[in-house]
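Laboratory data are not the source of any read-out in this text; all were calculated from the coordinates shown. Keep in mind that this is a model prediction, so the values were computed, not measured. Heads up, the Cβs are rebuilt from the backbone with ideal geometry, glycines too, and the neighbour counts pull from every protein chain shown.
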Amino acid sequence: MTETSILLIQRGRHGEIPRWERFEIPYEPGQSVLDGIRQIRASTDPSLAIRFSCINANACKECMIRVDAKVVYACMCRLEPREMRLQPLASKKLVRDLVTEIAPPDEILG
C-alpha cells in the first residue's frame with residue numbers, strides 16, 4: 001500500500017475570503033513540501049501559486065510559508081505521510097494562494 005500526503009492549502013487572493021483546497025499526493029521519503037507543491041502544479045492544478053527560486057542562491061527565502069502554523073522554507077520542510085496545512089505568511093500582504101509580497105513596504109509603488 002502506497003502512503004499518501006494530504007496537503008490542505010489555503011487559496012485565494014488579497015481581499016477575498018480564503019478557502020481551503022485538499023490535495024492528496026503520493027508520499028516519498030525525503031521529499032520537501034515544495035516538491036509536493038510542484039507535483040500538484042504539474043499534475044493536478046497549474047493555477048496554484050507559490051514563489052521559489054531554488055536555482056538562484058541570491059533569491060533564496062522566497063518559498064517561505066506556514067506549515068501547520070509554523071513559518072518554514074517549503075524547500076527545507078519535509079513532506080510527511082499525514083495531513084499538513086499550508087498557508088501564506090501572516091505578516092505579509094497576500095498576493096495569491098501561498099504568494100505574499102516580498103518587497104519592503106516602502107518599496108511598493110502605488
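Observations
- Charging the Cβ of each Asp and Glu at -1 and of each Lys and Arg at +1, and nothing else, the dipole of the chain about its Cα centre rounds to 200 debye.
- Pairwise alpha-carbon distances in region 1-63 exceed 16 Å for 53% of all pairs.
- Relative intensity, log₁₀ I(q)/I(0), of region 4-107 from a Debye sum that treats every alpha carbon as a point, q = 0.13, 0.18, 0.24 Å⁻¹: -0.43, -0.84, -1.47
- Taking amide H positions as modeled 1.01 Å from N, with prolines and chain starts lacking one, the residues under 5 Å from Ser32 and 5 or more places away or on another chain are Leu79.
- Of all aspartates and glutamates in the structure, those lying under 16 Å Cα to Cα from Lys93, and not within fewer than 8 positions of it along the same chain, are Glu16, Glu62, Glu101, Asp106, Glu107.
- The GluC sites (Glu not before Pro) of region 13-73 that DSSP puts in a loop, and whose beta carbon has at most 13 other beta carbons within 10 Å, are Glu16.
- As a length-normalised measure over Cα pairs under 8 Å and 6 or more apart, the relative contact order of the chain settles at 32 percent.
- For Ser53, the residues whose modelled amide H falls within less than 5 Å of its own, excluding neighbours fewer than 5 places apart on the same chain, are Glu62, Cys63.
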